[in-house]
Each structure stands twice: as structure tokens, then as C-alpha cells.
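J.: Provided herewith is a single structure, encoded as C-alpha cells, for subsequent inquiry.
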Amino acid sequence: MERLSIRPATPEDAGTLYTIHRESVLRAYVHIFPPDRYPFPDREMRAHWVDSLAEEDRDVLIAERSGSPIGFVMVSPGWLKHLFVRPAEWGRGTGGVLHDEAVELLRGHGELARLWVLEENERARRFYEARGWRRDGERRRADYPPYPPVLRYALRLAGARTRP
């Protein structure tokens, strides 16, 4: 297996984030958002990634294998916002490495981190639960039709440190 590298995203990476996000969602969420009934919101997501990379309170890291982007993670103070990996890379450790990098970034913002995950995304729920995340009882509806339930998870950050 070729070596994995992690680098900070730049504004020029918006298209890369969009592509990885789209590939992952179309595979992982097909049972939640059937594409023939709920097409991927291409225009909105392209704009989302451009805007997200312009935000100062967000950290985005990209995982690359042999110079090719294969996954990314985004955090903001107290929140793991996004973690997506190309389906061809699932099960190869990329998600775990990105998760651990995200947790290190989150430690700089306090002792507790949170994230939202689709209730029906059992793969992601198992992934987070195996890494110590626990449901905290909060739930809401997703922002996109058919508005499936989303669960909030929390993680206590042992050894949290604050940024100087």
C-alpha cells in the first residue's frame, strides 16, 4: 500500500472536495437519497465548498495517496463537520487517519466535540462509535429531501488543549 499523506486544503481545493463528497455520498447514501428521486445538489454543493474554504474558523485537511486526493475532513470549533473518503479507499485506513487528525485539531477548541450523522448511515455510525463517539440524545431532520433523521454524537476529548 502506498503511503498516505495529509495536507491542509487551500481555496483551490474546492472542486476536489466537491468531487470526493459527491462520489462518497452517491455510494453511501443511495438508500437514503435515491438519486433518481433526490438528485445530488451539484450547484449548492459546489458553492458550499467554495464558501467553506473561505471561512476562517474552519480547518480542512486532505488525504492523498501517491499525490491523488482520496479523502478530507473539516472541523470548526467544537465540531467535526465533514469526513468523506472516496469509496475505492473505504476500509484502507484513510478515514481513521483523517478522524485522528480532526480530533487533534478539535482538542485545541475545548474538552467536547460534536458531530451530526444520518440515522440510516450505519457504516458511519459504526465508524464513530468504534472511536468513542456516543449519541447525546439530540436529533433533527436533514436539510435535504426527504429530510431523514440526523443524530448528534459527542466525544470527550481527553488531554484537550486550548490554542495560544
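J.: Just a yes or no: is a residue in segment 17-24 aliphatic (A, V, I, L, M), at pLDDT 95 or above and assigned to a strand (DSSP E or B)?
T.: So the first thing to find is which residues in segment 17-24 are aliphatic (A, V, I, L, M), and the list is 17, 20.
Filter once more, so that each one left must be at pLDDT 95 or above: 17, 20.
Applying the additional criterion that residues be assigned to a strand (DSSP E or B) yields none.
No, that holds for no residue.
J.: Take segment 133-151 and flag every residue that is more than 25 Å from P34 (Cβ to Cβ) and open to solvent by 30 Å² or more (accessible area, probe 1.4 Å).
T.: Let us first name the residues in segment 133-151 that are more than 25 Å from P34 (Cβ to Cβ), namely 133-138.
Hits for segment 133-151 are R134, R135, D136, G137, E138.
J.: Here is a check on your reading of the model: is P87 in contact with a helix residue (DSSP H, G or I) (Cβ under 7 Å, 6 or more places away or on another chain) and crowded, with 16+ Cβ neighbours inside 10 Å?
T.: Values: in contact with a helix residue (DSSP H, G or I) (Cβ under 7 Å, 6 or more places away or on another chain): yes; crowded, with 16+ Cβ neighbours inside 10 Å: no.
So P87 does not fit the description; no.
J.: While we're here: In this structure, is P39 open to solvent by 50 Å² or more (accessible area, probe 1.4 Å) and assigned to a loop (DSSP other than H, G, I, E, B)?
T.: Details: open to solvent by 50 Å² or more (accessible area, probe 1.4 Å): yes; assigned to a loop (DSSP other than H, G, I, E, B): yes.
Judged against the criteria, P39 is a match.
J.: Six or more apart or on different chains, Cβ under 6 Å: which pairs go from a residue in segment 117-133 that's free of Cβ contacts under 8 Å to residues at least 40 places away in the same chain to one that's open to solvent by less than 30 Å² (accessible area, probe 1.4 Å) and hydroxyl-bearing (S, T, Y)? Could you list them?
T.: Taking only residues 6 or more apart or on different chains, the pairs are Y128/Y153; W133/Y153.
J.: Pick out the one residue from H99, H109, H82 that is in contact (Cβ under 8 Å) with a residue 12 or more places away in the chain and either closer than 19 Å to Y18 by Cβ or among the β-branched types (V, I, T) (or both).
T.: H82
J.: Which of the strands (runs of 3 or more DSSP E) contained wholly in segment 46-160 include at least 3 residues that are modelled with pLDDT of 95 or more and among the basic types (K, R)? Quick ask: steps written out before the conclusion?
T.: On the way: elements: 59-65, 68-76, 79-85, 112-118, 134-141, 149-156.
Here the list reads 134-141.
Matching residues to (1) open to solvent by 60 Å² or more (accessible area, probe 1.4 Å); (2) under 25 Å from R107 (Cα atoms); (3) of a type outside the set (D, E); (4) over 16 Å from the mean Cα position of the chain (by Cα):
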| residue | (1), (2), (3), (4) |
| --- | --- |
| A14 | no, no, yes, no |
| A28 | no, no, yes, no |
| E56 | yes, yes, no, yes |
| V75 | no, yes, yes, no |
| K81 | yes, yes, yes, no |
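The values are calculated or read from the model by the stated rules, or taken from the named source; none is laboratory data. This is a predicted model, so every value here is computed, not measured. Backbone-built Cβ (ideal geometry, glycine too); neighbour counts: all protein chains shown. Each accessible area value is taken on the protein alone, full model and side chains, heavy atoms only, with ligands, DNA and RNA left out. Shrake-Rupley method; radii C 1.70, N 1.55, O 1.52, S 1.80 Å.
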